[in-house]
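A.B. asks: Here's a structure for you.
The values are calculated or read from the model by the stated rules, or taken from the named source; none is laboratory data. Everything numeric here is computed off the predicted structure, so don't read it as measured data. Reconstructed Cβ throughout: ideal geometry from the backbone, glycine too, with neighbour counts over all protein chains shown. In case anyone asks, the SASA skips ligands and DNA or RNA and just uses the protein heavy atoms, side chains included. Shrake-Rupley method; radii C 1.70, N 1.55, O 1.52, S 1.80 Å.
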Amino acid sequence: MSNTSRNEERTEANEAQIAVHWKEEQYFQPSQSFIDQANLRDPDVRTRFGEDNFPDCFREYADLLTWSKPYHTVLDTSHPPFWKWFTGGELNACYNCVDRHLEHYRNKAAFIFVAEPESDAPVAMTYQELYVRVNEMAALLRDFCGLKKGDRVTLHLPMTLDLPITMLACARLGVIHSQVFGGFSGQSCGSRIQDSGSRVLISTDAYWRSGKLIDHKVNADIAVQAAEALGQHVDQVLIWQRYPGKYSSPTPMVEGRDHFVNELLKQYAGRRVEPEAMDAEAPLFLMYSSGTTGKPKGCQHRTGGYLAYVAGTSKYIEDIHPTDTYWCMADIGWITGHSYIVYGPLLLAATSVIYEGTPTFPDVRRPWRIAERLGVNIFHTSPTAVRALRRAGPDEPSQCQQRFKHMTTVGEPIEPSAWRWYYEEVGKSQAVIVDTWWQTENGGFLCSTIPALDAMKPGSAGPALPGIYPVIYDDDGNEVAKGAGQAGNLCIRNPWPGIMQTVWGNDQRFIDTYYKRYCKNPDSTDWRDWPYMSGDGAMQAADGYFRILGRLDDVINVSGHRLGTKEIESACMTVPEVAEAAVVPVSDEVKGKVPEVYVSLTPDARDPAAAARKVVQACESIIGKIARPEHVYVVQDMPKTRSGKIMRRVLSAISNGRDVGDITTLANGSVVEDIRTQVDSARAAARKP
Ligand code: WT7
């Protein structure tokens with residue numbers, strides 16, 4: 001790691017240390033009625049999953065699956081950090097999610113789809129119907145597209161039933177799906193098509209968002225073009241129609257390349273496809289995630305370990321029973337949706353709700369009406385959604401009859417006041433809350449309370465999950481003791497079944513990003529020498545609960561999702577007038593953090609305001625609306641070190657209204673005051689009515 005980034009990290013850790021002086025919160029206890037029905041009530045679980053029983057403890061999770069061939073080894077550590085889980089075993093993800101439930105749950109709803117327009121009644125899809133649809137889609141993918149085991153397919157789908165049907169059809173064939181968040185731009189999708197080497201793109205014509213039927217087909221064209229420019233040819237584009245039989249996009253279909261899925265499916269009516277027996281280590285899917293460098297990483301998740309881990313955590317932490325109606329209000333395009341809308345709930349034969357639209361459409365009571373109408377009893381969302389719903393409608397949840405036994409928060413730290421509103425107003429002081437900490441790389445939850453066994457503490461993610469052994473290291477690799485009141489780098493000492501296998505096509509990046517920094521001995525095949533580095537700052541209280549303080553690296557967590565600062569800076573740099581760009585995270589009341597952009601322009605740039613507008617546009621079209629900068633400041637000069645590095649730390653301090661600290665090492669210290677004056681006056685102007 002370079003010296004500058006080490007220094008930046010130190011600064012962040014110091015801020016983190018300020019944060020730990022927050023007062024300790026009081027505990028909240030789960031209700032007796034929740035405890036009485038919980039899947040996990042046996043406190044012995046912590047011993048069962050203790051280090052003495054590692055890795056065999058995870059057999060308990062593997063037993064939740066149906067294996068077509070039993071595994072012979074729980075964990076193979078012969079080639080660290082490329083762990084192998086449940087080796088020798090074979091299974092099929094789709095069989096486990098669908099086929100095996102037909103005997104008992106054939107006509108129980110697997111999914112309930114809620115369209116954004118409230119005039120459209122919810123649609124329940126039974127396990128039997130899902131089985132039929134997935135088989136027909138698998139037949140199409142195999143026979144029309146010629147896809148087979150190990151091929152990659154990129155999906156760029158919004159939140160409708162077409163998405164899980166497509167994912168499960170891929171899984172049935174052993175095809176690796178790579179779903180790109182529907183809100184990402186066509187260009188983002190294109191670079192992921194290229195990286196994964198997909199020759200088939202599956203998309204849709206349109207979907208509803210905030211009351212508008214959005215043209216999505218246009219993104220498929222941009223994606224194919226972008227992939228092509230990067231050297232990856234796409235020969236088939238499959239388009240699901242939002243309203244089958246009707247084309248809802250103004251963008252023309254491309255003759256010979258584009259096909260309507262629902263048209264093609266007619267040829268495959270009633271077809272059945274045998275689920276492929278997949279090696280436990282066969283990749284199930286890719287999920288791209290932002291890192292510190294410009295290029296998103298394809299997090300490659302395995303079949304056996306991943307499914308075992310999401311089944312176990314869905315059962316014990318989400319407390320899902322087959323009789324539950326469970327609603328995770330995330331997007332399937334993020335890992336949360338893969339693990340806890342599709343795979344986890346289906347593995348447990350639950351009913352999982354899929355909502356197409358914005359939580360606040362047509363009004364902020366919408367989520368509570370949906371929950372009441374469908375009888376949702378487990379609810380899962382992010383602090384961003386909690387803050388937004390609270391701000392716009394603090395009394396709305398009490399106007400509805402939703403009755404949750406269990407609620408989840410995930411993606412960012414939740415401040416205690418937002419937690420209390422969630423608990424008292426949304427959960428009516430009846431529901432237990434789990435604050436689950438994990439990452440795209442992790443497959444499933446790593447820290448959380450066990451809902452029937454542990455007290456809740458607002459603002460803390462709770463202790464480690466069973467079988468997870470975290471440690472906090474300082475910058476020099478010393479362990480920070482619990483209760484020390486000191487923050488550091490949160491790491492996990494051991495491998496677990498949900499951990500990603502590698503970065504798609506880039507083993508070295510996997511090692512460098514997660515294992516290099518704290519590896520004790522690169523020649524060792526003992527997992528104890530290979531702690532996993534999360535990149536998050538955290539502190540552990542005396543009671544063992546972790547308080548997550550946020551990213552220590554150049555990553556901005558916007559609404560619970562990671563964006564790389566370098567990724568956004570590269571987007572800014574595509575504007576010809578921009579000479580230099582620096583992106584910093586700024587605290588935001590609703591979204592947690594938002595990006596602010598500083599740019600300096602080339603000498604011949606004439607119109608700074610126009611350049612700033614182009615920067616915003618570039619971020620939106622290259623990455624997606626989620627990356628939209630809150631402000632773009634066009635500055636005369638960037639604060640720089642003598643070696644010419646932009647001091648993002650100084651810009652970040654200005655953006656967040658903090659003291660800039662020591663700037664004596666800057667080559668051009670005088671620009672700092674100019675920039676601060678500029679930022680302050682821009683802010684003041686923005687606040688004027
Ligand atoms: C980053 C991972 C997998 C969840 C969806 C986001 C932050 C996640 C919490 C939490 C505080 C949290 C971390 C982490 N984060 N959960 N409960 N409390 N922070 O997945 O996009 O991979 O982001 O989200 O900073 O590193 P992701």
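A.B. asks: Condition check: of a type in the set (Gly, Ala, Ser) and either within 14 Å of the ligand (Cβ to nearest atom) or open to solvent by 10 Å² or more (accessible area, probe 1.4 Å) (or both). Does ALA571 satisfy that?
C.D. replies: Judged against the criteria, ALA571 is not a match.
A.B. asks: In addition: With (1) out of contact with any Pro (no Cβ under 6 Å at 6 or more places or on another chain); (2) touching a residue at least 40 places away in the same chain (Cβ under 8 Å); (3) not basic (Lys, Arg) as the list, and VAL175 as the residue in question, which single condition is left unmet?
C.D. replies: (2)
A.B. asks: Taking only pairs six or more apart or across chains, which ones have beta-carbon atoms under 6 Å, a first residue in segment 554-574 that is among the charged types (D, E, K, R), and a second residue that is more than 11 Å from the ligand (Cβ to nearest atom)?
C.D. replies: Correct list of pairs: ASP554/THR292; ASP554/THR565; LYS566/THR293; LYS566/GLY294; GLU567/GLY294; GLU569/ALA581; GLU569/VAL583.
A.B. asks: Quick check on this structure: which one of SER524, SER559 is over 26 Å from VAL635 (Cα atoms), in contact with a helix residue (DSSP H, G or I) (Cβ under 7 Å, 6 or more places away or on another chain) and hydroxyl-bearing (Ser, Thr, Tyr)?
C.D. replies: SER559 is the lone residue from the list that is over 26 Å from VAL635 (Cα atoms), in contact with a helix residue (DSSP H, G or I) (Cβ under 7 Å, 6 or more places away or on another chain) and hydroxyl-bearing (Ser, Thr, Tyr).
A.B. asks: Next question, about the same structure. Those residues that are crowded, with 24+ Cβ neighbours inside 10 Å, within 16 Å of VAL237 (Cβ to Cβ) and among the basic types (Lys, Arg), I need them from segment 154-199; list them, please.
C.D. replies: Within segment 154-199, just ARG192 meets the criteria.
A.B. asks: Same structure, new question: SER534 passes all but one of (1) more than 16 Å from the ligand (Cβ to nearest atom); (2) surrounded by 18 or more Cβ atoms within 10 Å (Cβ to Cβ); which number fails?
C.D. replies: Failing condition for SER534: (1).
A.B. asks: Report, by residue number, each residue of segment 1-35 that is at pLDDT 50 or above, more than 19 Å from ALA541 (Cβ to Cβ), assigned to a helix (DSSP H, G or I) and open to solvent by less than 90 Å² (accessible area, probe 1.4 Å).
C.D. replies: Within segment 1-35, SER33, PHE34, ILE35 meet the criteria.
A.B. asks: Take ASP476 and tell me if it is within 16 Å of the ligand (Cβ to nearest atom), at pLDDT below 95, acidic (Asp, Glu) and in a loop (DSSP other than H, G, I, E, B).
C.D. replies: In short, no.
A.B. asks: Further question: So is ILE320 within 16 Å of the ligand (Cβ to nearest atom) and open to solvent by less than 30 Å² (accessible area, probe 1.4 Å) or not?
C.D. replies: No; evaluated as a whole, the condition is false for this residue.
A.B. asks: Run ILE646 past the list (1) over 26 Å from the mean Cα position of the chain (by Cα); (2) within 30 Å of GLY333 (Cα to Cα); (3) surrounded by fewer than 21 Cβ atoms within 10 Å (Cβ to Cβ) and report the number of the one that doesn't hold.
C.D. replies: Only one criterion is unmet by ILE646, namely (2).
A.B. asks: To continue, here is another question. Check GLY337, GLY298 and return the single one that is modelled with pLDDT of 95 or more and assigned to a helix (DSSP H, G or I).
C.D. replies: One residue alone meets the criteria, GLY337.
A.B. asks: For segment 436-450, indicate whether the set of residues that are acidic (Asp, Glu) and within 24 Å of MET159 (Cα to Cα) is non-empty.
C.D. replies: Checked against the condition, which is being acidic (Asp, Glu) and within 24 Å of MET159 (Cα to Cα), segment 436-450 yields at least one hit.
A.B. asks: Could you please let me know if ASN521 is on the phi < 0 side of the Ramachandran plot, out of contact with any Phe, Trp or Tyr (no Cβ under 8 Å at 6 or more places or on another chain), open to solvent by 30 Å² or more (accessible area, probe 1.4 Å) and outside any strand (DSSP E or B)?
C.D. replies: For ASN521, the condition - on the phi < 0 side of the Ramachandran plot, out of contact with any Phe, Trp or Tyr (no Cβ under 8 Å at 6 or more places or on another chain), open to solvent by 30 Å² or more (accessible area, probe 1.4 Å) and outside any strand (DSSP E or B) - is met.
A.B. asks: Scan segment 160-186 for residues that are of a type in the set (S, T, N, Q) and touching a helix residue (DSSP H, G or I) at 6+ places or on another chain (Cβ under 7 Å) and jot them down.
C.D. replies: If the condition is that a residue be of a type in the set (S, T, N, Q) and touching a helix residue (DSSP H, G or I) at 6+ places or on another chain (Cβ under 7 Å), then THR166, SER178, GLN179, SER185 are the ones that fit.
A.B. asks: Examine segment 555-564 for a residue that is over 24 Å from the mean Cα position of the chain (by Cα) and farther than 30 Å from ALA455 by Cβ, and state whether such a residue exists.
C.D. replies: no
A.B. asks: Now for a separate question. Condition first: without any contact (Cβ under 8 Å) to a residue 40 or more places away in the chain and within 22 Å of the chain's Cα centre (by Cα). Now tell me which residues in segment 139-165 satisfy that.
C.D. replies: ILE165
A.B. asks: Can you pull out the residues in segment 558-584 that are within 18 Å of ALA610 (Cβ to Cβ), among the small types (Gly, Ala, Ser) and assigned to a strand (DSSP E or B)?
C.D. replies: Hits for segment 558-584 are ALA579, ALA581.
So that you can scan it fast, the table gives a plain yes or no per residue for (1) at pLDDT 95 or above; (2) in a helix (DSSP H, G or I); (3) surrounded by fewer than 21 Cβ atoms within 10 Å (Cβ to Cβ); (4) within 16 Å of the ligand (Cβ to nearest atom):
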site	(1), (2), (3), (4)
ASN219	yes, yes, no, no
ALA227	yes, yes, no, no
HIS233	yes, no, yes, no
ILE239	yes, no, no, no
GLY270	yes, no, yes, no
PHE285	yes, no, no, yes
GLY291	no, no, no, yes
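A.B. asks: Still on this structure, please answer the following. Checking TYR247 against (1) among the aromatic types (Phe, Trp, Tyr); (2) closer than 30 Å to HIS216 by Cα; (3) open to solvent by less than 30 Å² (accessible area, probe 1.4 Å), only one condition comes out false. Which one?
C.D. replies: (3)
A.B. asks: I would also like to ask the following. Which of the residues belonging to segment 537-553 are open to solvent by less than 40 Å² (accessible area, probe 1.4 Å), outside any strand (DSSP E or B) and away from the ligand (no atom under 11 Å from the Cβ)?
C.D. replies: Scanning segment 537-553 gives ALA541, GLY544, TYR545.
A.B. asks: Can you tell me which residues in segment 434-455 are near the ligand (Cβ under 7 Å from one of its atoms), assigned to a loop (DSSP other than H, G, I, E, B) and aromatic (Phe, Trp, Tyr)?
C.D. replies: Once the filter is applied, which keeps residues that are near the ligand (Cβ under 7 Å from one of its atoms), assigned to a loop (DSSP other than H, G, I, E, B) and aromatic (Phe, Trp, Tyr), segment 434-455 yields only TRP438.
A.B. asks: Test ARG391 against the criterion of being at pLDDT 95 or above, farther than 28 Å from GLN179 by Cα and surrounded by fewer than 24 Cβ atoms within 10 Å (Cβ to Cβ), and give yes or no.
C.D. replies: no
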